[in-house]
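Structure first, then comments.
Nothing in this text is a laboratory measurement; each read-out follows from the coordinates by a stated rule. Treat the numbers as computed from the prediction; the structure is a model and nothing was measured. Every residue, glycine among them, receives a Cβ derived from its backbone with ideal geometry; neighbour counts consider all protein chains shown.
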Amino acid sequence: MTVRGSRFTPSAWTALGAGVVAAGLWTACSPEVFGAARFTQVWTSGLLLVVGALTVYLAVGTLRTRVEVFPDRLESTRGLRRTQVIGPGELVTFRASGKGNTVISAATARRRGFSTNRFHHHHDALVDWLDRNTGEEWTAFREFFGKLTVQQHRAPLRESLSTLLIVGVFLATLLTFPGLFIGNAYDAAHREQVTCTVTAAEAITVSSRSTRGIGSSRAGVGVETSDCGRLTMTRGVTSDDRDGIARELNRTKGPHVFTVGGGSFWLRKNTPITVPSPTVYSIDDLSAR
C-alpha cells in the first residue's frame, strides 16, 4: 500500500518550472531580443534557469515522496533521496506539525524516517502498521496527539485558493523581475516610429515612491492622444524643459511622430488588459514645427 499525496499539484508545478526553464533557455539563445544589452541577457536568462530548475527539483521531489507499507517493513522515499527501509521497532521519535497538526513525522535512531499528511491516500494503512509494529513511543505520541487541536477534515476549496494565490504571486514576480528588464531591453533594441494624434499634454512628475518615501521621481510629459492612448515621455526630459515640451505639444496639436519601444507599444495596441504606458524615446518632428 502506498501512502502519498495528490499528484496533480506537484505535476502542475513541474510543468510550470519546465516552462520557466524553457523561457530561460530562449532568452539565453535570443541575442536579437536584447540588442546591445548583453549583461541583461546573461543575468535574466540565468535567473530564469535557476528559478525554473529549483521549481522542477522541488516539484519532482514532492512527486517522489511516499511511504510504501509492507507487512514486515516500511519503505520511505523523501524527495530525490534513495529509498530507506524501516523495520518494526526502529522508529523512536514522532511529532506533529503543520496547520491543524496534519503532518506526521517519524524517525529512527539513525535518522531514517518519513513525513506524511493525515489526509494522504491510504494514511490509515500506515497508522495500522505503526499500531502493530512500534512500541511505547508511538503509544505515547498517540496519547499526546489526542490532546492537540487537530484539523478533522480536508479543506479542498481553501487549498485550491492557496495554491492559485501562490502560483499568481510566483508568475507576477517573474513578470516583474526579471520580466520588466527583459521588456525594457527589447524596447531599446526594437524602436519603432508611429504617428499619434496629440489632443493634450501636461508636465508631470513620474514617481515610484512608496508611502515610506522609498523610490525615486523623474520629470516627464504626459501626452493624451486620440489613437494611441495616453503616452508618457521621460527619456531626455528634465525638470527645466518639461513645461516647454508640454506647451509646444499643446500649441501643435495633431499628428506627431513618436519613437516608441516596439514591445510595449505592441502590448498597448493588441492586449485587452491595461498595461503600463509604452516607452517613448522621442517625438521626432516636435523641433521642426
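A few points about this structure:
- The chain: angle of helix 242-251 to the longest principal axis, Cα-based, in degrees nearest 10: 60
- Mean separation of Cα contacts under 8 Å (6+ apart) over length of the stretch 190-283, as relative contact order %: 34
- Looking at the stretch 190-283, the DSSP beta bridges with both ends there are about 90 percent antiparallel.
- Karplus (6.51, -1.76, 1.60) ³J(HN,Hα), θ = phi - 60°, over the stretch 67-75, in Hz, Gly and Pro reported as x: 10, 9, 9, 10, x, 10, 6, 10, 10
- Rounded FRET efficiency, nearest 0.05, which uses the C-beta distance separating Arg95 from Arg218 and R0 of 51 Å: 0.40
- Each of Ser216, Ser105 was scored by other Cβ atoms within 10 Å of its Cβ. Arranged with the fewest first, they read Ser216, Ser105.
- Gain on full extension, evaluated as 0.36 nm per residue between Asn250 and Ala172 minus their Cα-Cα distance, stands at 24.3 nm.
- Stretch gain in nm, segment Val42-Leu58, where the contour uses 0.36 nm per residue and the Cα spacing is subtracted: 3.3 nm
- Its Cα centre serving as origin, the chain has a Cβ charge dipole (Lys and Arg +1, Asp and Glu -1) of approximately 620 debye.
- Calculated from backbone phi, Karplus (6.51, -1.76, 1.60) coupling profile of the stretch 110-126 in Hz, x at Gly/Pro: 9, 6, 7, x, 8, 9, 9, 10, 4, 9, 6, 4, 6, 5, 4, 5, 5
- For the chain, with +1 on Lys and Arg beta carbons and -1 on Asp and Glu, the positive-most of Gly46, Asn133, Thr274 along the dipole: Asn133
- Label assignment, Rg/Rh (Cα atoms, Kirkwood Rh) derived from the structure, set (i) 0.95; (ii) 1.22; (iii) 1.06: (ii)
- Residues Leu231, Leu174, arranged from fewest to most other Cβ atoms within 10 angstrom of their Cβ, appear as Leu174, Leu231.
- A dipole drawn for the chain from +1 and -1 charges on Cβ atoms has a positive end, and of Thr62, Gly19, Thr163 the residue lying farthest that way is Thr62.
- The distance separating the Cα centre of the stretch 217-264 from that of the stretch 136-155 comes to 66 Å.
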